[in-house]
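Throughout, read-outs are computed from the coordinates displayed, never taken from laboratory work. Remember, it's a predicted structure, so these values are computed and weren't measured experimentally. Backbone-built Cβ (ideal geometry, glycine too); neighbour counts: all protein chains shown.
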Amino acid sequence: MRHVIALDVGGTGMKAALAGAGGELLHQARRPTGRERGPDAVVEGIIDFAAELRAHGEERFGEPAAAVGIAVPGIVDEEQGVAAYSANLGWRDVPLRRLLSERLGGVPVALGHDVRAGGLAEGRIGAGRGADRFLFVPLGTGIAGAIGIDGRVEAGAHGFAGEIGHIVVRPGGTACPCGQRGCLERFASAAAVSEAWAATCGDAEADAADCAKAVASGDPNAVRIWQQAVDALADGLVTALTLLDPRTLIIGGGLAEAGETLFTPLRDAVRQRVTFQKLPSIVPAALGDTAGCLGAGLLAWDLLDTTDRTEVSP
């Protein structure tokens with residue numbers, strides 16, 4: 001049975017799968033990234049994991065994987081197959097495509113950005129299915145974005161497309177590690193809400209999910225913090241939809257797990273801010289933490305489709 005290897009590498013863990021041609025996950029596995037052992041050890045761990053998956057697929061399906069798709073965080077040069085930089089993993093200019101292909105007997109490898117891969121999956125087989133233009137925005141430790149256009153995700157000229165978390169929504173506001181002040185992710189990420197709520201309630205362990213529960217119970221301090229985050233997010237999203245005119249806005253990540261506690265005020269806030277712009281559908285992501293892995297699988301199949309077309313071209 002023809003299949004591909006899909007790998008989604010995060011700061012703390014790796015999710016992997018063998019994926020069928022329809023995007024279905026035929027086998028799934030997880031393991032720690034092991035970043036405490038250093039960047040070289042992380043790379044070796046990824047390659048070893050992929051080799052184990054290849055062996056499992058060959059034993060189970062009678063043939064090795066036809067391709068590999070891998071999604072990683074940070075700055076990614078997808079064309080060259082290089083993980084250019086990742087603060088979380090300590091990487092600089094890691095030639096992941098070459099390293100994986102060499103270890104796996106020359107198999108074709110597609111390298112992608114984790115958020116763009118997740119957006120690809122949400123757009124094709126998740127919450128954005130059928131939308132010709134979408135924007136996927138996961139609200140986690142930071143805020144990134146994936147710009148979907150006709151079934152693909154735009155990387156930009158230098159791999160930076162979709163970095164909505166670094167739109168300045170509060171000029172002169174909180175300093176951001178990127179060097180600016182007032183970036184969206186400093187106000188509307190799950191990490192920002194967790195930090196604000198922990199400081200307000202006096203519990204260092206409190207997080208955004210606890211804040212959402214307090215909002216639902218009517219705690220005025222929680223409502224204030226939550227509304228500040230929603231207002232900042234709406235400002236950033238309206239900037240994005242003014243530029244991109246998406247048909248669908250897909251919101252994912254930890255903050256989206258609050259459900260209508262987030263989506264009801266967010267839809268209202270965006271509606272209040274638009275003037276001439278067309279209001280997109282604002283929907284929760286559908287694939288959860290499997291989105292990156294599913295997207296990596298789609299990248300692998302896309303690579304095979306491109307290779308197949310090239311081989312039959314005159």
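Of all beta bridges that DSSP places with both ends in the chain, some 60 percent have antiparallel geometry. Multiplying the residue separation of Glu36 and Asp203 by 0.36 nm and removing their Cα-Cα distance gives an extension gain of 57.4 nm. The calculated FRET efficiency for Arg98 paired with His27, based on their beta-carbon distance and R0 = 25 Å, is about 0.45. Calculated from the alpha-carbon coordinates, the stretch 163-253 shows an Rg and a Dmax of 13.8, 41 Å respectively. Each Lys or Arg adds one and each Asp or Glu subtracts one; over the other residues with Cβ under 15 Å from the Cβ of Lys278, this totals +3. Applying both filters, DSSP loop and at most 11 other Cβ atoms within 10 Å, to the GluC sites (Glu not before Pro) of the stretch 75-128 gives Glu79.
Using θ = phi - 60° in the Karplus curve 6.51 cos²θ - 1.76 cosθ + 1.60, the 3J(HN,Hα) couplings for the stretch 192-200 round to 5, 5, 4, 4, 5, 6, 4, 5, 6 Hz; x is entered for Gly and Pro.
Quotient of the Cα radius of gyration of the stretch 143-297 and 2.2 N^0.38 Å, N being its number of residues: 1.05.
Scaling the Cα radius of gyration of the stretch 56-164 by the globular reference 2.2 N^0.38 Å produces a ratio of 1.16. Please compute the net charge surrounding Thr290, taking Lys and Arg as +1 and Asp and Glu as -1 over other residues with Cβ under 9 Å from its Cβ. Around Thr290, the charge tally is -1. Apply 1/(1 + (r/R0)^6) to the Cβ-Cβ distance of Val223 and Glu79, taking R0 = 35 Å, and write down the FRET efficiency to the nearest 0.05. Calculated transfer efficiency: 0.15. For the chain, the relative contact order works out to 20 percent when only alpha carbon pairs closer than 8 Å and six or more residues apart are counted. Just check the stretch 205-314 against the gyration tensor rule for me: Cα atoms, a ≥ b ≥ c as the square roots of the eigenvalues, rounded for a/c under 1.5, and otherwise prolate or oblate depending on whether a/b exceeds b/c. The shape class here is oblate.
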